[in-house]
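The values are calculated or read from the model by the stated rules, or taken from the named source; none is laboratory data. Since this is a predicted model, take the numbers as computed values, not measurements. Reconstructed Cβ throughout: ideal geometry from the backbone, glycine too, with neighbour counts over all protein chains shown. Accessible surface areas use protein heavy atoms only, side chains included; no ligands, DNA or RNA. Shrake-Rupley method; radii C 1.70, N 1.55, O 1.52, S 1.80 Å.
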Amino acid sequence: MTRTQVGIIGAGPAGLMLSHLLHLAGIDSVILESRSRRAIEETIRAGVLEQSTVDLMVETGVGDRLKREGFLHHGFEFRFEGHGHRIDLAALTGGRSITVYAQHEVLKDLIQARLDAGADIRFDMRDVALHDVATSPRITFTDRDGRAGELACELVGGCDGSYGVSRPAIPHESRRDYLRIYPFGWFGILAEAPPSSDELIYARHERGFALISTRSQEVQRMYFQCDPSDNVDNWSEDRIWDELQTRTEGDGFRLKEGRIFQKNIVPMRSFVCEPMQYGRLFIAGDAAHTVPPTGAKGLNLAVADIFVLARAMERYLKSGADDGLQSYSATALRRIWRAQHFSWWMTSMLHRFEEATEFDRRRQLAELDLVTSSEAAARTVAENYVGLPLT
Ligand code: RFL
Ligand code: PHB
């Protein structure tokens with residue numbers, strides 16, 4: 001049996017950041033993770049970091065590589081009806097911006113920092129299960145050699161993503177789930193090509209949504225709306241490029257094409273679990289909520305939850321005061337619901353809905369016209385996209 005102050009399930013952005021912030025406050029934690037370090041460091045997911053995520057990483061000493069290798073973007077483009085319209089994030093938000101830096105690079109930096117500081121991170125753990133979370137929590141697991149283990153802790157950080165064991169450990173009668181499933185998914189690719197644009201492009205087209213993002217001067221990340229039950233093998237390179245070129249055409253714009261070396265399809269959901277706590281268990285990040293990726297909020301929300309949770313845990317463990325822990329869920333949920341609204345709004349404004357009438361389509365275009373021609377409306381988009389300050 002191992003003892004620690006905070007037992008953390010999951011070594012994603014939420015779990016690693018929690019362990020990192022607790023360590024800086026002098027608090028011990030152990031992370032139990034079901035995947036291998038290599039799998040975590042190679043899974044392709046998010047790419048956009050809000051200003052406050054970047055600031056937190058830099059201020060807590062894990063932002064050196066991000067500062068060197070991340071791409072600072074001061075704007076992005078909405079593209080519809082064959083024309084691009086720039087949203088000047090910096091001008092509209094008093095100088096705030098976003099940074100394009102892949103999630104797995106954030107994870108590499110956090111894992112390295114934790115291991116350098118002597119952290120106990122256990123990868124490849126199986127059968128992770130929670131016990132007695134209402135009173136004195138224990139976590140049982142099977143390690144990579146097949147041996148049973150047990151971790152006793154004062155508090156638990158449930159940071160194990162959408163399909164983990166933490167959320168189900170909150171009894172049904174003590175929580176409420178809110179769910180919306182969208183009738184489409186995103187087809188994502190990585191391609192060996194130079195950037196086609198200096199900034200991200202969110203395109204609305206009669207054939208559906210497309211997003212042009214980037215990873216480096218040599219690798220580009222792009223997505224297009226698809227049937228969530230489609231199979232990536234139905235899409236040849238030529239078919240993918242035709243679709244992306246069509247959905248982004250206009251003003252003489254052409255995407256620079258190259259070899260596609262990764263393809264995947266992501267389903268789209270909006271989900272919130274309330275409250276995000278039960279007894280001594282506190283869930284954070286995707287374990288508690290999911291947003292469709294259109295607002296680029298998932299990773300950033302996970303970090304924002306942890307910013308609140310780490311302080312509350314520190315206060316409790318150092319002084320016994322549990323007011324921060326008691327209000328964790330309510331504090332985090334305010335930002336979460338605003339991000340839910342923004343992500344839903346961006347999704348509804350940019351995607352093709354099969355059941356949409358001609359009226360719906362004209363209204364959708366009028367909305368895009370509004371956010372690209374009214375400074376007040378553009379500012380609302382920009383403030384939400386760069387993210388609210390951490391409080
Ligand atoms: P994670 O990253 O899913 O990490 C959870 C970890 O827990 C482990 N785990 C377990 N460990 C032990 N026992 C168990 N029973 C376990 N079950 C699971 C998992 O192996 C994993 O390592 O959750 P976390 O930390 O809350 O982080 C959330 C973010 O990963 C997620 O919100 C973002 O990736 C969402 N997202 C984006 N977010 C952004 O902020 N900006 C973006 O540009 C952005 N783009 C995206 C995205 C997500 C995407 N996909 C693939 C869903 C683009 C895509 C395509
Ligand atoms: C990405 O680069 O992966 C990305 C960018 C913006 C989004 C979602 C994903 O809204």
Inset, instruction - Using a 1.4 Å probe and ignoring any ligands, DNA or RNA, find the accessible area of I265 and quote it in Å² to the nearest 10. - result: 50
Inset, instruction - Two decimals is fine: what's Rg over Rh for the chain, C-alpha atoms, Kirkwood radius as Rh? - result: 0.98
Inset, instruction - State the percentage of accessible surface on region 342-391 attributable to carbon and sulfur atoms; use a 1.4 Å probe and exclude ligands, DNA and RNA. - result: 56
Inset, instruction - Report the residue, chosen from D109, D286, D124, that carries the largest GNM mean-square fluctuation when the chain is represented by alpha-carbon nodes joined by springs under 10 Å. - result: D124
Inset, instruction - Please report how many Lys pairs in the chain have alpha carbons closer than 23 angstrom, counting only residues at least 8 apart along the chain or sitting on separate chains. - result: 5
Inset, instruction - Please report, to one decimal in angstroms, the Kirkwood hydrodynamic radius of region 24-93 built from all distinct Cα-Cα pairs. - result: 15.9
Inset, instruction - Whole number in Å², please: accessible area per residue of the chain, 1.4 Å probe, ligands, DNA and RNA not counted. - result: 43
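Over region 263-361, what per residue volume does the convex hull of the Cα atoms give, in whole Å³?
About 112 Å³ per residue, rounded to a whole number.
Calculate how many DSSP beta bridges within the chain are antiparallel, expressed in % of all such bridges and rounded to the nearest 5.
Given both bridge residues lie in the chain, the antiparallel proportion sits at roughly 70 percent.
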Legend entry - Protection proxy ranking of 207-214, 367-374 - average other beta-carbon atoms within 10 Å, highest first: 207-214, 367-374
Inset, instruction - Extending each Cα 7 Å along its Cβ direction at A90 and E42, get the distance between those two points in nm, one decimal. - result: 3.8
Inset, instruction - Quick one: give the max-minus-min coordinate of the C-alpha atoms of region 1-143 along each principal axis, largest first, in Å. - result: 61, 33, 31
Inset, instruction - Choose one answer from A191, A304, A339: the residue with the largest mean-square fluctuation in a GNM of the chain with alpha-carbon springs under 10 Å. - result: A191
Legend entry - Pairwise FRET efficiency - A117 versus S327, Cβ, R0 = 35 Å, nearest 0.05: 0.75
Legend entry - Length added when fully stretched, R362-R207, from 0.36 nm per residue minus Cα-Cα: 54.3 nm
Legend entry - Highest-MSF residue in the chain out of A332, A152, A310 [GNM, Cα springs under 10 Å]: A152
Legend entry - Spin-label pair R65/D230, simplified geometry with 7 Å Cα→Cβ offset, distance in nm: 3.3
Legend entry - region 117-237 - Rg (one decimal) and Dmax (whole number), Cα, Å: 21.5, 56
Inset, instruction - Could you pull out every whole DSSP H run in the chain that spans at least 30 Å of Cα extent along its own axis and averages 1.0 or higher on the Kyte-Doolittle scale? - result: none
Legend entry - Inter-probe distance in nm under a simple model that places probes 7 Å from Cα toward Cβ, at L24 and E218: 3.2
Inset, instruction - Could you tell me the accessible area of H83 in Å² (1.4 Å probe, neighbours in place), rounded to the nearest ten? - result: 100
Legend entry - Length released on extending from E354 to R239, taking residue separation times 0.36 nm less the Cα-Cα span: 39.3 nm
Legend entry - Solvent-accessible surface (1.4 angstrom probe) belonging to I121, in square angstrom, nearest 10: 20
Inset, instruction - Might you report the magnitude of the Cβ-based charge dipole of the chain about its Cα centre, with Lys and Arg at +1 and Asp and Glu at -1, to the nearest 20 debye? - result: 540
Legend entry - All-pairs alpha carbon distance profile, region 184-311, 10 Å steps from 0, percent: 11, 37, 27, 17, 7, 1
